[in-house]
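The values are calculated or read from the model by the stated rules, or taken from the named source; none is laboratory data. The structure displayed is predicted, hence computed values, not measured ones. Note that we place each Cβ from the backbone using ideal geometry, even for glycine, and neighbour counts take in every protein chain shown. For accessibility, only protein heavy atoms count, side chains too; no ligands or nucleic acids. Shrake-Rupley method; radii C 1.70, N 1.55, O 1.52, S 1.80 Å.
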Amino acid sequence: MPRVDGKVALVTGGASGLGLACAAMLAREGARVAISDIDEAGGAAAAERIGRGTVFVAHDVTGEASWTDALSAVRTAFGGLNILVNSAGIALNATVEETTLEDWRRVHAVDLDGVFLGCKHAIALMAESGGGSIVNISSISGIIAGANLAAYNSAKAGVRLLSKSVALHCARAKNGIRCNSLHPAFIDTPMLDGLTKKNGREEGLAKLARQVPLGRVGTPDDVAYAMLYLASDESAFVTGSELVIDGGISAM
Ligand code: NAP
């Protein structure tokens with residue numbers, strides 16, 4: 001039996017990396033999927049590759065009007081919404097002293113405002129669709145700080161507690177919506193390009209793997225499987241929780 005059979009899902013940042021893997025997994029497990037992304041060519045190609053009726057919606061998660069447009073496109077395509085995966089994000093390697101106010105605001109606009117707007121505007125559509133699950137992709141950097149991750153740490157930590165606030169609000173509203181956060185580390189996607197460009201990708205990934213107790217970097221499906229559990233009814237009693245997918249890094 002497919003694990004999210006008949007549910008409708010929207011995955012932001014679906015053109016690439018974790019969003020793409022989550023969208024493909026949801027589609028394989030029976031959901032009708034919309035992916036959204038600021039990268040229109042990449043998003044359209046990704047929807048085509050995933051197949052199974054997946055649609056692409058052009059979407060800038062930093063814009064409130066863009067969110068209402070994206071949600072109404074999902075309603076038009078599929079008639080409702082049960083699963084929202086907020087995956088769109090950007091990284092910035094910079095200390096607090098190196099970070100310009102413009103960079104600070106850009107990282108927070110995509111990584112935190114984007115998740116806030118998604119939760120704020122999706123709840124009504126999800127509630128009228130009978131409820132569902134919001135999965136916010138934070139990061140291990142939302143729990144553990146790094147000297148060169150000032151803005152990213154701040155935005156991802158914001159996503160962690162915002163997710164719990166959304167979970168409590170929805171529980172109190174009894175609207176059937178759960179909300180949880182995922183906290184991955186070192187997953188092999190284009191986002192790691194900045195960390196691996198110095199010595200080439202293979203050597204860069206091997207260097208990162210040496211920091212992981214399990215001895216490897218993660219694959220996008222390592223995160224997508226965790227997302228699938230939280231998106232499905234298997235996690236019906238799980239809300240406001242945070243799931244770490246980091247090969248053991250945060251256990252050290
Ligand atoms: P990715 O491959 O770079 O994918 C991110 C996607 O989001 C890209 O398609 C990007 O488009 C899109 N995007 C950027 N700004 C956007 C905006 N304003 N509106 C809509 N879409 C936008 O990165 P990823 O590794 O899959 O990251 C997905 C999420 O996981 C992010 O939130 C990231 O912080 C988090 N995460 C990743 C890792 C990791 O190791 N990879 C670890 C922890 C957490 P462009 O390519 O055009 O910018």
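Within the range 213-229, track down each residue that is open to solvent by less than 30 Å² (accessible area, probe 1.4 Å) and in contact with a helix residue (DSSP H, G or I) (Cβ under 6 Å, 6 or more places away or on another chain). Working first, answer last.
Here is the first cut: in the range 213-229, the residues open to solvent by less than 30 Å² (accessible area, probe 1.4 Å) are 217-218, 223-224, 226-228.
Those that are open to solvent by less than 30 Å² (accessible area, probe 1.4 Å) and in contact with a helix residue (DSSP H, G or I) (Cβ under 6 Å, 6 or more places away or on another chain): Val217, Val223, Ala224, Met227, Leu228.
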In this structure, does Met227 turn out to be within 12 Å of the ligand (Cβ to nearest atom), over 30 Å from Thr100 (Cα atoms) and at pLDDT 95 or above? yes
Val85: in contact with a Gly (Cβ under 9 Å, 6 or more places away or on another chain), among the aliphatic types (A, V, I, L, M) and either over 25 Å from Gly17 (Cα atoms) or in a strand (DSSP E or B) (or both), yes or no? yes
Can you name the residue in the range 43-53 that is touching a Leu at 6+ places or on another chain (Cβ under 9 Å) and open to solvent by 20 Å² or more (accessible area, probe 1.4 Å) and is also farthest from Tyr225 (Cα to Cα) among such residues? Arg49
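Out of curiosity, is Ser163 within 17 Å of the chain's Cα centre (by Cα), open to solvent by less than 40 Å² (accessible area, probe 1.4 Å) and more than 9 Å from the ligand (Cβ to nearest atom)?
Working: within 17 Å of the chain's Cα centre (by Cα): yes; open to solvent by less than 40 Å² (accessible area, probe 1.4 Å): yes; more than 9 Å from the ligand (Cβ to nearest atom): yes.
The answer is yes for Ser163.
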Tell me, which residue of the range 33-62 that is of a type in the set (Gly, Ala, Ser) and in contact (Cβ under 8 Å) with a residue 40 or more places away in the chain is nearest to the ligand (Cβ to nearest atom)? Ser36
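Which fully enclosed helices (runs of 4 or more DSSP H) of the range 155-252 have 1 or more residues being of a type in the set (Ser, Thr, Tyr) and within 22 Å of Ala31 (Cα to Cα)?
Working: elements: 193-196, 201-209, 220-231.
Fully inside the range 155-252 and qualifying: 220-231.
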Is one or more of the residues making up the range 180-200 in contact (Cβ under 8 Å) with a residue 60 or more places away in the chain and more than 12 Å from the ligand (Cβ to nearest atom)? yes
